[in-house]
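Only one structure is covered here, and it is reproduced in the block below.
The values are calculated or read from the model by the stated rules, or taken from the named source; none is laboratory data. What you see is a predicted model; the values in this text were computed from it and never measured. Cβ: placed from backbone, ideal geometry, glycine included. Neighbour counts: every protein chain shown.
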Amino acid sequence: MKKLMKLALAGTVALATSAAAWAEDFKPAVIYDMGGKFDKSFNEGVFNGIKRFTDETGIEVMEFEVTNEAQREQAMQRMVQRGATLVLGVGFAQADAIDKVAGENPDKDFAIIDVSWLDKPNLRQYAFKEHEGSYLVGMAAALASKTGTVGFVGGMDIPLIRAFACGYVQGAKAVNGDVQILQNMTGTTPAAWNDPGKGAELTQSQIDRGADVVYQAAGGTGIGVIRAAADAGKFSIGVDSNQNHLAPGSVLTSMLKRVDVAAYQTMKDAMSGKFDTGVRTLGLAEGGVGWALDENNKDLITDDMKAKIDAASAEIVAGKVAVHDYRSDNTCPAG
């Protein structure tokens, strides 16, 4: 018996020693995209996951914030040269860079958020079902609207953002088939993610045409949407991170895209030697998207609204309601 206990103890010590050695050799890095890690939206969601990891483990993560397109590949190469064993790229715009750098460094681990089409054996990719979360906040918009007109302001005009818009339209139409949805995209270049002035201008235009709730999926540009709606006494809907606190009482809710969970889990898995590759797709069923209800908007969401949104969420998870993904065929049947 004593011998068995000694063997078990030795095995435990060996595992702990191995894990500690793995963690000691672990040197992670993250490349934030345009807008910076404090954009109060997409990048900041990733930052929150990184911060959680560092707070728990004490392991610092090397960081770089991209300010122009040419820096993406350069930053990744530099991180590898500095000894990074894992590099996390933030956003689809880093796809080409990470594909190349991962191919050139097969002994390193790489991960990227918002990409699912690459094929490297040392690369983990995260995709999200943004259309499912957008469906729920579309319901919230239609339920809260008094004018019967709601709005959407997107960032860069790409299929990803069209998927947000299409999910939103489907959710709003599910509540009120006659609801009008005004839509604008900010631009066709990466600058569209960081133009709060343009976001405010587009929002005011939609409000002038009757919108009393405006959903934004526009990165840093969305801050202008939230401010303009608050100034006009109308509702906005945040995105990616919980943005309810940015204008308490004016932000109806936020569509949560849990990039923080993706970033945190990537770091934890790589640190512990459990890093696997391939594509991970996160929707409502996986807790990858959702909507925010907290002290900042609890007075805006009635019990009836919450019950209807929760019921729809359960039906989507159960497969009883299918939300069309614009990216599947570049169309939005709900109009």
Unique residue being more than 29 Å from Ser328 (Cα to Cα), part of a helix (DSSP H, G or I) and aliphatic (A, V, I, L, M) when the list is Val101, Val46, Val80:
Val80
Between residues in the stretch 136-160 that are of a type in the set (Lys, Arg) and residues that are assigned to a loop (DSSP other than H, G, I, E, B), which pairs lie under 9 Å by C-beta distance while being six or more apart or on different chains?
Lys146/Asp212
Residues of the stretch 297-335 being out of contact with any strand residue (DSSP E or B) (no Cβ under 7 Å at 6 or more places or on another chain) and polar (S, T, N, Q), in sequence order, are Thr302, Ser313, Ser328, Asn330, Thr331
Being in a loop (DSSP other than H, G, I, E, B) and at pLDDT 95 or above is the filter; apply it to the stretch 219-241 and report the residue that is surrounded by the fewest Cβ atoms within 10 Å (Cβ to Cβ).
Gly233
Please work out which residue is surrounded by the fewest Cβ atoms within 10 Å (Cβ to Cβ), limiting yourself to the stretch 1-43 and to residues that are assigned to a helix (DSSP H, G or I) and at pLDDT 85 or above.
Asp25
When the residues of the stretch 115-127 are narrowed to those that are within 15 Å of the chain's Cα centre (by Cα) and in a loop (DSSP other than H, G, I, E, B), which ends up surrounded by the fewest Cβ atoms within 10 Å (Cβ to Cβ)?
Ser116
Please pick out the residue among Ser145, Ser134 that is under 22 Å from the mean Cα position of the chain (by Cα) and hydroxyl-bearing (Ser, Thr, Tyr).
Ser134
Restricting attention to the stretch 287-315, report how many residues are assigned to a loop (DSSP other than H, G, I, E, B), surrounded by fewer than 20 Cβ atoms within 10 Å (Cβ to Cβ) and not aliphatic (A, V, I, L, M).
6
Subset of the stretch 273-293 [touching a residue at least 60 places away in the same chain (Cβ under 8 Å) and among the acidic types (Asp, Glu)]
Asp276
Within the stretch 305-331, can you find the residues that are closer than 17 Å to Val175 by Cβ and touching a helix residue (DSSP H, G or I) at 6+ places or on another chain (Cβ under 7 Å)?
Met305, Lys308, Ile309, Ala312, Ser313, Ile316, Val321, Val323, His324
Of the candidates Met267, Met255, the one satisfying the condition of being part of a helix (DSSP H, G or I) and buried (at least 19 other Cβ atoms within 10 Å of the Cβ) is Met267
Tabulated pairs, the stretch 34-47, first under 17 Å from Asn68 (Cα atoms) and in the same structural domain as Thr67 (by TED's automatic domain parsing), second of a type in the set (Lys, Arg) and surrounded by fewer than 22 Cβ atoms within 10 Å (Cβ to Cβ), C-beta under 8 angstrom, 6+ apart or interchain:
Asn43/Lys37
Matching entry among Val175, Val179, Val153 (being at pLDDT 95 or above and under 19 Å from the mean Cα position of the chain (by Cα))
Val153
Mind checking whether some residue in the stretch 169-189 is assigned by TED's automatic domain parsing to the domain that holds Phe235, part of a helix (DSSP H, G or I), closer than 24 Å to Met34 by Cβ and in contact (Cβ under 8 Å) with a residue 24 or more places away in the chain?
no
Among the residues of the stretch 128-147, are any in a strand (DSSP E or B) and closer than 24 Å to Arg258 by Cβ?
yes
Complete set of residues in the stretch 218-237 that are polar (S, T, N, Q) and over 19 Å from Ile181 (Cα atoms):
Thr221
Looking only at residues in the stretch 270-286 that are under 16 Å from the mean Cα position of the chain (by Cα) and not in a loop (DSSP other than H, G, I, E, B), which one is farthest from Tyr126 (Cα to Cα)?
Leu282
